[in-house]
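All remarks here apply to the structure that follows.
The values are calculated or read from the model by the stated rules, or taken from the named source; none is laboratory data. Every value quoted in this text rests on a predicted model; they were computed, and no experiment measured them. Cβ coordinates were reconstructed from backbone atoms using ideal geometry, including for glycine residues, and neighbour counts include every protein chain displayed.
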Amino acid sequence: MIDAIIDVSPAYFAGFVMTLQLLAISGVGAFVVGVLIATMRISPVPSLRMFATVYTEVLRNVPLLLVLMFCALVIPILGSDLDYYPLALIGLTAYTSPFVAEAIRSGFNGVPVGQAEAARSVGMGFAQTVTLVVLPQAARMVVPPLINVFIALTKNTSVAGIFFVDELFKQTDAATRDHPDSVILVLIYAAFLYLVITVPLGLIAGAIEKKVVVMR
Amino acid sequence: MSLSVLYDAPGPKTRRRSMIASIIGVILIVAFFFWMYLTLAAPRVNANGAIQPGTFDPSRWDILALPDVWISFGIGTLNTLRMAAVAAALAVLIGILFSFGRTSRFAAVRGITGVILEFVRGIPVLLMIFFVFLVFAAGSYWSGVFGLALYNGAIIGEALRAGVKSLPRGQREAGLAVGLTPIKAWAFIEFPQAFRQMLPIILAQLVVLLKDTSLAFIVSYPELARTIGNNRNFFGSRYMFTLFAIGLVIYLVLNLTMSWIARFVARRSGPRLGKALPNTPRQIGVDGTRAITLPGPGYGPPDPPH
């Protein structure tokens, strides 16, 4: 029993580090793209709004598995010779970005209309209203849902394991085959490693949420 | 067409500028897709020097004429729906149980439910399905159903709990005052209100569940994503793009329909019941953003309590 734990540990830690890398890189990527999409959705230019809406709708309604399949299948035909790892990063970024955009939008929802109206009535333009009045107030409220998006991303990185990225789930899959006698132990060990990432993130989100509620 | 308070109604100059920007935007997007189309359509040279026909070459699409392909995709779609429907019903049930446990009078029950909930919520669905499959030897269908139901049930449970918490305390107190037991007060007064209020969130979660059925692919359940793989194994990888395209379109149709239903229900039951309580989660995904959209017919102040 304990042998199995010791035996799988090196592979698990390598997988854990890979999962963290996927989370960090595609998390930053999804945040940047998500902010862009959210900005496009409120921009005065109709074609940008439309593009952002279609982008969000399509990506939110396709399973991650198919998004990654697209990356592993179509992007190489388009003339890239990227490895599965960067392709998985692209897929996870693309899949997560509309959720980031929606989280930001829901934060904007929380800012009373009067705030924007007041800013406009004292003569501020679009950029000023957004950056000086709406955004600072929305930012606080955006953090908890945003953390939830990143928690979901942590769990979604496991799908990259199906596409030959050596992250935690792929290591778990291999470990269950190498240690058929202690399958439960090996699985719980992997679950524990995921919880090490997700539970603290959830606690942070909860704490911030409470603080925001008190402040309002 | 929603007007925004963030900028003025455009004048002739701005309209012209925005028109130009729109045209450039459309041209760029069309150009990108055209480039993608051309690249995909171009014949490719293999690593070993053999020339493959382009992705849109008729020789790569001729399997569409075979009824077997369509039958297999039909079965795959049905299997996906079969799993999603049962898992959704179970998820709502488990969600109710979770929310009940989390609001229990007994600290021990609350504590245990909380720990289970954190565990279930914190690990990937893929791992959950795999866990049920290996540990309980449940067979591919039921491991998918239980994995999905547990995970989504935990999230629905938390939504319901938030819904109960956001109700005015007087609701429960009034129930207790007329002699209901705490359980009855929960079941007849608090829960029905919380459920209706949270319906948009629950439905949105069920869309996620429908998407996540694709993960049952890992335990060889013959749903839609697996159907793509099976057909690829049968017809060869030259048809991969074709098969992928079929699967993608079916998923989009299924999920967009579900999302549309969810949004429709949200519009009908959400805003009216979601009173102006600070904790009331606002629905996400309904058009427009409150801070920037002028109040239209659907966006006025909440109706007074009935």
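Observations
- Answer residue from segment A:20-49, given it is surrounded by 22 or more Cβ atoms within 10 Å (Cβ to Cβ) and of a type in the set (Val, Ile, Thr) and is farthest from the other protein chains (Cβ to nearest Cβ) among those: A:Ile37
- Residue, farthest from the other protein chains (Cβ to nearest Cβ), within segment A:83-136, restricted to residues that are on the phi < 0 side of the Ramachandran plot and not in a helix (DSSP H, G or I): A:Asp83
- Subset tally (residues that are part of a helix (DSSP H, G or I), at the interface with chain B (Cβ under 9 Å from one of its Cβ atoms) and farther than 30 Å from B:Met19 by Cβ) for segment A:50-77: 8
- Looking only at segment B:81-131, residues that are within 16 Å of the chain's Cα centre (by Cα) and of a type in the set (S, T, N, Q) come to 0 in all.
- Residues being at pLDDT 90 or above and within 15 Å of B:Val115 (Cβ to Cβ) - total across segment A:186-216: 6
- All positions within segment A:176-193 that are closer than 26 Å to A:Val149 by Cβ and touching a residue at least 60 places away in the same chain (Cβ under 8 Å): A:Ala190, A:Leu193
- Members of segment A:169-201 found to be within 7 Å of another protein chain (Cβ to nearest Cβ) and of a type in the set (Gly, Ala, Ser), listed by number: A:Ala190, A:Ala191
Residues are listed down the side, and each one gets a yes or a no for (1) surrounded by fewer than 17 Cβ atoms within 10 Å (Cβ to Cβ); (2) closer than 18 Å to A:Val159 by Cα; (3) not acidic (Asp, Glu):
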| residue | (1), (2), (3) |
| --- | --- |
| B:Phe98 | no, no, yes |
| B:Thr103 | no, no, yes |
| B:Ile112 | yes, no, yes |
| B:Val115 | yes, no, yes |
| B:Arg121 | no, yes, yes |
| B:Pro124 | no, yes, yes |
| B:Ala137 | yes, no, yes |
| B:Phe146 | no, no, yes |
| B:Asn152 | no, yes, yes |
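- Among residues of segment B:60-88 being free of Cβ contacts under 8 Å to residues at least 24 places away in the same chain and among the small types (Gly, Ala, Ser), the one that is surrounded by the most Cβ atoms within 10 Å (Cβ to Cβ) is B:Ala85.
- Residues in segment A:83-102 that are at pLDDT below 90 and buried (at least 20 other Cβ atoms within 10 Å of the Cβ): A:Glu102 only.
- Taking segment B:152-220 and the helices (runs of 4 or more DSSP H) fully enclosed by it, the elements with 1 or more residues that are among the small types (Gly, Ala, Ser) and within 14 Å of chain A (Cβ to nearest Cβ) are at B:191-212.
- Filter pass, A:Ala152 being over 20 Å from A:Leu59 (Cβ atoms) and of a type in the set (A, V, I, L, M): no
- Just one of the listed residues (B:Leu97, B:Leu90, B:Leu40, B:Leu6) is closer than 30 Å to B:Met240 by Cα and in contact with a helix residue (DSSP H, G or I) (Cβ under 9 Å, 6 or more places away or on another chain), and it is B:Leu40.
- Only one of the numbered conditions (1) assigned to a helix (DSSP H, G or I); (2) surrounded by fewer than 16 Cβ atoms within 10 Å (Cβ to Cβ) is not met by A:Ser80, and that is (1).
- So A:Val165, is it more than 10 Å from chain B (Cβ to nearest Cβ) and outside any helix (DSSP H, G or I): yes
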